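Read-outs throughout are calculated quantities, based only on the coordinates presented, and are distinct from any laboratory measurement. Every value quoted in this text rests on a predicted model; they were computed, and no experiment measured them. Cβ sites come from the backbone with ideal geometry, for glycine too, and all protein chains shown count toward neighbours.
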Amino acid sequence: MNQHNEISTLQYMGSKARIISHICKPIIKNEHIKTVVDLFAGTGSVGYALKPYKNVISNDIEYYAYIINQAILNGCAFAISDEVSFWIAVDQQYAFLQTKVSSALFAEKEFLIDNIDYKQYQVFCENTPSVFSPKSDDSRMREISDLVSQVTPGKAPALDFPCLFLTYFANAYFGIAQCCQIDAIRSVIEQIDDKQTKNILLTVLMSAISANASTTTHFAQFLKVKSKATCNNLISKRIPFGNMISITYIFNSPCPVNIDTVYNPQSVIHLIRQTLQHPF
Ligand SMILES: C[S@@+](CC[C@H](N)C(=O)[O-])C[C@H]1O[C@@H](n2cnc3c(N)ncnc32)[C@H](O)[C@@H]1O
């Protein structure tokens, strides 16, 4: 059994998650080493594994890496009552966003539930507008087209509700309902004042997005429907719901847990429910 805390926050080709024992064993054994500086910390796997044994200082040039490392190294106390109100706000925002793209969502639901001819889903996906390719002659996409027309990359959107994923990545890296969920969750996280809690929630969201994206292992390109098999694979990644997410997180688990082992692959963003009673 691996004796090191393993964490896999993002699917990342350069992650050291798989060789963590080899890196950490000699460092842990050396009692003269009290503090470790994890330069180029990336997804945080090295610092997280060393945390129980050493002081860890983490650095990375990327802001997302700062958020992740800050979150997993410091933890937070997120009360159950906070979690409940968080989910109420997310549910409201998600319900609202669904009304904005109801035709496309209705069609998507049929595809995700029924055993359909893959070519129909292929056409549906290829005709989904985005800021990168705004044109669509599919009438079910009118609402998304309307949103896309009001978003210019690099500029603040003219809309007063969140729709970044909906207008950039619908039926590309994520299904349409998944985009609504991600936009809803991201916007509610933005309203949280406490910086540490915010970083934890952002990390949870990034992890979930990374684990559920329509990609193979990284974000170089998204999967496309080319056959019955690729269609089934995509659909399995895009089945959204159940209990949207339970925020609770592994970071605060009393025992080490590998995120990969607790994701429900059928769920858009499914994190195991654990009370955040054990700040780490
Ligand atoms: C291969 S990754 C590190 C992987 C990490 N150990 C893990 O397990 O996820 C390299 C990291 O170096 C960071 N990086 C590259 N140039 C940098 C610089 N000049 N200063 C700080 N970080 C840098 C990148 O942002 C990237 O996250």
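A few remarks follow.
- Qualifying GluC sites (Glu not before Pro) in the stretch 7-84, where qualification requires a DSSP coil assignment and no more than 16 other C-beta atoms within 10 Å, comprise Glu31, Glu62.
- Extending 7 Å from Cα along the Cβ direction at Lys195 and again at Asn115 yields two label points whose distance is 5.5 nm.
- For the Cα trace of the stretch 132-214, dividing Rg by the Kirkwood Rh returns an Rg/Rh value of 1.01.
- 14 Å beta-carbon shell around Leu201, net charge (K/R +1, D/E -1): -2
- Of the residues His4, His218, the one with the fewest other Cβ atoms within 10 Å heads the list, and the complete ranking is His218, His4.
- Amide H partners (placed H, <5 Å) of Ile57, local residues excluded: Val36, Val37, Asp38
- Once the Cβ-Cβ distance of Asp146 and Ser81 is raised to the sixth power relative to R0 = 35 Å, the FRET efficiency obtained is 0.40.
- Kirkwood hydrodynamic radius over Cα pairs of the stretch 1-124, then Stokes diffusion coefficient at 25 °C and 0.890 mPa s, in µm²/s: 134
- Residue-count net charge about Ala184 - beta-carbon cut-off 12 Å; Lys, Arg +1, Asp, Glu -1: -1
- Whole-Å semi-axes of the ellipsoid equivalent to the stretch 17-74 (Cα gyration tensor, √5λ, descending): 19, 12, 9
- Around Cys24: net Lys/Arg minus Asp/Glu count, Cβ-Cβ under 13 Å: +4
- Computed from the C-alpha gyration tensor, the three semi-axes of the ellipsoid equivalent to the stretch 80-262 are 28, 21, 15 Å, from longest to shortest.
- Pairs exceeding a 30 Å alpha-carbon distance, out of Lys198/Lys224; Lys54/Lys198; Lys54/Lys237; Lys25/Lys198; Lys25/Lys195: Lys198/Lys224; Lys54/Lys237; Lys25/Lys198; Lys25/Lys195.
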